[in-house]
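In what follows, a single structure is set out as structure tokens and then discussed.
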Amino acid sequence: MIELFKHILHLDFDWLFANYNTAIYLILFLVIFIETGLVIMPFLPGDSLLFTAGLFARTGHLNLSYLFILLFIAAVVGDNLNYFIGKNIGLRMLAIKIRGKQIVKQEYLDKTQEFYEKHGTKTIIMARFVPIVRTFAPFVAGVAEMKYRRFLSYDLLGGLLWIGSLTLAGYFLGHFEWIRKNIELVALIIIFISILPVIIELIKARNEKRKAS
């Protein structure tokens, strides 16, 4: 299991194909489901995984239609699980501590709440494209008791845009030889672009603190 986890984090699709063959669909489903559905697992690859999966669909290793349908279901079901966890036991989870540390980091919640204050319910859509925030957005929506119909409508649209845009980007850019030969570098670039909004917000917040002091 540890070996599998290591190869998933490194987006080693060649190893996954060699060891799991068509079961890779189930592995990809579970990664997206866990990243979006369990508030304690925000560090799993999301954007880069989707792009790389789309790239391998281009090479014929994966079926693009199956990939899109499965990962869309995983993203929506995961978010809904996270929403109901937040709604039903969210406040109790926030109080849980392991070795003196909160099981759910307060800084992640604060950052997600800032997103809500700035963008309102559109956060459910926008958060899909921001690592860590996308894991906590449905949880915070549940804690805040956002109306489920509103949450679901935004969540479906956000899941469609997130899964569709990144898998198709990988699929259509997959015919470039340089991208195929430099998957790890491309994944790092995608991760950097994904966390860029968070970096910008942190810089803004730090500058505002300096001005205030």
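Laboratory data are not the source of any read-out in this text; all were calculated from the coordinates shown. From a predicted model like this one, the values you see are computed outputs, not experimental measurements. All Cβ positions, even for glycine, are placed from backbone atoms using ideal geometry, and neighbour counts span all protein chains on display.
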Need the C-alpha centroid separation for the stretch 136-188 versus the stretch 1-70, integer Å. 13 Å
Which residues among the stretch 35-79 fall inside the zone where the amide N is under 16 Å from a point 7 Å beyond the Cα of Leu173, along Cα→Cβ? 46-59
With each label point set 7 Å from Cα along the Cα-Cβ vector, what nm distance links Asp110 and Ile34? 2.9 nm
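Over the chain, what is the relative contact order in whole percent, taking alpha-carbon pairs under 8 Å and six or more residues apart?
29 percent
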Which distance in nm do the two modelled labels at Ser153 and Thr121 give, with both placed 7 Å along the Cα-to-Cβ direction? 0.6 nm
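Kindly flag which residue pairs out of Lys101/Lys211; Lys87/Lys147; Lys122/Lys147 have an alpha-carbon separation exceeding 21 Å in this structure.
Details: Lys101/Lys211 31 Å; Lys87/Lys147 10 Å; Lys122/Lys147 14 Å.
Over 21 Å Cα-Cα: Lys101/Lys211.
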Taking the chain and counting helices only, DSSP H stretches of n ≥ 4 at -39,500 (n - 2.57) each over all residues, the nearest-500 ellipticity at 222 nm comes to -25000 deg cm²/dmol
For the residue pair Ile69 and Leu185, what label-to-label distance in nm results when each label sits 7 Å from Cα along the Cα-to-beta-carbon direction? 3.7 nm
Could you sort the peptides 48-58, 74-84 by per-residue average Cβ neighbour count (10 Å cutoff), highest mean leading? 48-58, 74-84
If you take the beta carbon distance between Thr22 and Val77 as r and set R0 to 25 Å, what does 1/(1 + (r/R0)^6) give as a FRET efficiency, to the nearest 0.05? 0.75
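Over the chain, what number does the Rg to Rh ratio reach, with both radii from the alpha-carbon atoms and Rh per Kirkwood?
In the chain, Rg relative to Rh is 0.99.
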What is the sum of charges around Tyr154, taking Lys and Arg as +1, Asp and Glu as -1, for the other residues whose C-beta is under 12 Å from the C-beta of Tyr154? +3
